[in-house]
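Shown next, in structure tokens, is the structure this report addresses.
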Amino acid sequence: MSNDTLNGFSGPLAKAIEFVWREAELLDRKDYAQWSQLWSEDGVYVVPIDGEDDDFASRLNYVFDDARMRALRIERLTGGHSPSAVDAAKTVRTISRFSLVEAAGDLVEVNSAQVLYAYKRGVATPFIADLNHRIRFVDGQPRLERKVIRLINAEDALNALGFLL
């Protein structure tokens, strides 16, 4: 299968799907060092509380991370000093229902759906979300400019997350 064709998808959408699946694999393996390499310097990782609003900078979010905050979050998850990181949940995620939002020049934006199960201390907890990835291809290499995770139950009380969504 060529790099431009993936399960019936082709072109920019196929490349974006491949990138999103690779990102999911890195997160499930907790390979946060490699995951951090997927990001552009000014990329933003967002988990909003309000599922409809796009003004993330002026709203309350569970997560609104730039490069510095992503690095600090990764340090907390891997440094061994946080109790939630030492006993972090194992995760398995499935991402599907891909749709192309935009493909212009070197920018590809794609929406998808994620079903993530986190297993910890004998309990499996589902986290269901709509995802948005904005990916820029720089010299043929994908870099994540923005990832938005809209949890379907974001307005409910959520337990502390000892992993990245």
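Read the figures in this text as sums done on the coordinates, not as results from a lab. No experiment lies behind these values; they were computed from the predicted model shown. Cβ placement follows ideal geometry from the backbone for every residue including glycine, while neighbour counts extend to all protein chains displayed.
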Considering each residue of segment 135-147, count those that are surrounded by fewer than 20 Cβ atoms within 10 Å (Cβ to Cβ) and closer than 18 Å to Arg59 by Cβ, and give that number. 1
What residue, of Ala113, Ala154, Ala104, Ala129, is aliphatic (A, V, I, L, M) and exposed (fewer than 13 other Cβ atoms within 10 Å of the Cβ)? Ala104
Do we have any residue at all in segment 42-55 that's touching a Lys or Arg at 6+ places or on another chain (Cβ under 6 Å) and crowded, with 20+ Cβ neighbours inside 10 Å? yes
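From Ala88, Ala124, Ala157, which residue is at negative phi, without any contact (Cβ under 8 Å) to a residue 12 or more places away in the chain and not in a strand (DSSP E or B)?
Matching residue, one of Ala88, Ala124, Ala157: Ala157.
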Looking at Ile49, is it more than 22 Å from Gln37 (Cβ to Cβ) and not polar (S, T, N, Q)? yes
I'd like the residue in segment 95-121 that is part of a loop (DSSP other than H, G, I, E, B) and not acidic (Asp, Glu) and, out of all such residues, is farthest from Phe19 (Cα to Cα). Arg121
